[in-house]
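Colleague: Before I ask anything, let me first share the structure, which is written out below as structure tokens.
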Amino acid sequence: MTHASDDHAPCRCGELLQSRADRRRFLQFAALGGLAAALVSPASAAEGKYEAMALTCIDPRFQAPVFNYLKGRGLAGMYSQFTIAGAAIGVVAPTFKDWHKAFWDNLAISIQLHKITRVIAIDHRDCGAAKVAYGDASVANPAIETQTHKMVLAEFRKQLAQYHPSLTAETGLMDLDGKFTPLG
């Protein structure tokens, strides 16, 4: 049995993504959650200028480390957030093609409402969505896992440049201990 307090419990995102109905339900909740997180308040969202959008994974083990990383960079309260299984994987992997539009639409509204100038995409190690999208071999060891995320994040940066050339991208990989390594 896995407990929420177990820092090294395996990501169970993949199990949630196995059925098409579960993926649809997840996407609906992720889009609503991302929009709710993006809107600080109706008045401030309409007038606000924020630094960035953070693209992060749904994995509960990484919520606090991502927040602490961004807070440590002085961004607390200065970013909108879109949380989807796999972070950049959920945005670019063909397996999750039905999700892609939700992210790009959400980013467009964050640009409009929050005047953001960059996206910070944070993938993480031991990601269940990576296994679902690219197979167990894609995360077989740390070197291969890093290469998988480098490929995904490069594709994310490419698509971001296509859709929103005025935005900059910061991309990286977070370890289980919260250490962030820039990739790209």
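The values are calculated or read from the model by the stated rules, or taken from the named source; none is laboratory data. Small disclaimer: the values here were computed from a predicted structure and weren't measured. Cβ: placed from backbone, ideal geometry, glycine included. Neighbour counts: every protein chain shown.
Colleague: Within region 158-180, how many residues turn out to be of a type in the set (S, T, N, Q) and either surrounded by 12 or more Cβ atoms within 10 Å (Cβ to Cβ) or over 20 Å from residue 53 (Cα atoms) (or both)?
Modeller: 3
Colleague: Related question: Give region 110-139 a look and list any residue that's aliphatic (A, V, I, L, M) and surrounded by 15 or more Cβ atoms within 10 Å (Cβ to Cβ), or say none. Can you show your working first?
Modeller: Taking region 110-139 and keeping what is aliphatic (A, V, I, L, M), we get 111, 113, 116, 119-122, 129-130, 132-133, 137, 139.
Within region 110-139, 111, 113, 116, 119, 120, 121, 122, 129, 130, 132, 133, 139 meet the criteria.
Colleague: Still on this model: Looking only at region 90-100, decide whether some residue is β-branched (Val, Ile, Thr), surrounded by fewer than 23 Cβ atoms within 10 Å (Cβ to Cβ) and under 17 Å from residue 123 (Cα atoms).
Modeller: yes
Colleague: Any idea which residue in region 107-139 is farthest from residue 152 (Cα to Cα), counting only those that are out of contact with any strand residue (DSSP E or B) (no Cβ under 6 Å at 6 or more places or on another chain) and not in a helix (DSSP H, G or I)?
Modeller: Only one residue fits best here, namely 115.
Colleague: Starting from residues that are more than 13 Å from residue 126 (Cα to Cα) and not basic (Lys, Arg), keep the ones in region 140-157 and report whichever is surrounded by the most Cβ atoms within 10 Å (Cβ to Cβ).
Modeller: Residue satisfying both the conditions and the ranking: 152.
Colleague: What number of residues within region 136-170 satisfy the criterion of being in contact (Cβ under 8 Å) with a residue 12 or more places away in the chain and among the small types (Gly, Ala, Ser)?
Modeller: Counting residues in region 136-170 that are in contact (Cβ under 8 Å) with a residue 12 or more places away in the chain and among the small types (Gly, Ala, Ser) gives 3.
Colleague: Still on this structure: So which residues in region 67-101 are in a helix (DSSP H, G or I) and farther than 18 Å from residue 173 by Cβ, if there are any at all?
Modeller: 71, 94, 95, 96, 97, 98, 99, 100, 101
Colleague: I'm trying to understand the selection: among the residues of region 123-156, which are of a type in the set (S, T, N, Q) and over 13 Å from residue 86 (Cβ atoms)?
Modeller: Across region 123-156, the qualifying residues are 141, 146, 147.
Colleague: Just one of (1) crowded, with 23+ Cβ neighbours inside 10 Å; (2) assigned to a helix (DSSP H, G or I) trips up residue 104, so point out which.
Modeller: If we test residue 104 against (1) crowded, with 23+ Cβ neighbours inside 10 Å; (2) assigned to a helix (DSSP H, G or I), just (1) comes out false.
Colleague: Being more than 14 Å from the chain's Cα centre (by Cα) and not aromatic (Phe, Trp, Tyr) is the requirement here; does residue 169 meet it? Can you show your working first?
Modeller: Values: more than 14 Å from the chain's Cα centre (by Cα): no; not aromatic (Phe, Trp, Tyr): yes.
No.
Colleague: Sticking with this structure for a sec: State which residue is surrounded by the most Cβ atoms within 10 Å (Cβ to Cβ) when the search covers only region 43-62 and only residues that are of a type in the set (D, E, K, R) and modelled with pLDDT of 95 or more. Spell out how you get there, then give the answer.
Modeller: Of all residues in region 43-62, those of a type in the set (D, E, K, R) come to 47, 49, 51, 59, 61.
Keeping just the survivors that are modelled with pLDDT of 95 or more gives 59, 61.
Numbers: 59: 24, 61: 19.
The qualifying residue surrounded by the most Cβ atoms within 10 Å (Cβ to Cβ) is 59.
Colleague: Can you confirm whether region 63-84 contains a residue that is surrounded by fewer than 17 Cβ atoms within 10 Å (Cβ to Cβ), more than 22 Å from residue 49 (Cα to Cα), among the polar types (S, T, N, Q) and under 13 Å from the mean Cα position of the chain (by Cα)?
Modeller: Scanning region 63-84 turns up at least one residue that is surrounded by fewer than 17 Cβ atoms within 10 Å (Cβ to Cβ), more than 22 Å from residue 49 (Cα to Cα), among the polar types (S, T, N, Q) and under 13 Å from the mean Cα position of the chain (by Cα).
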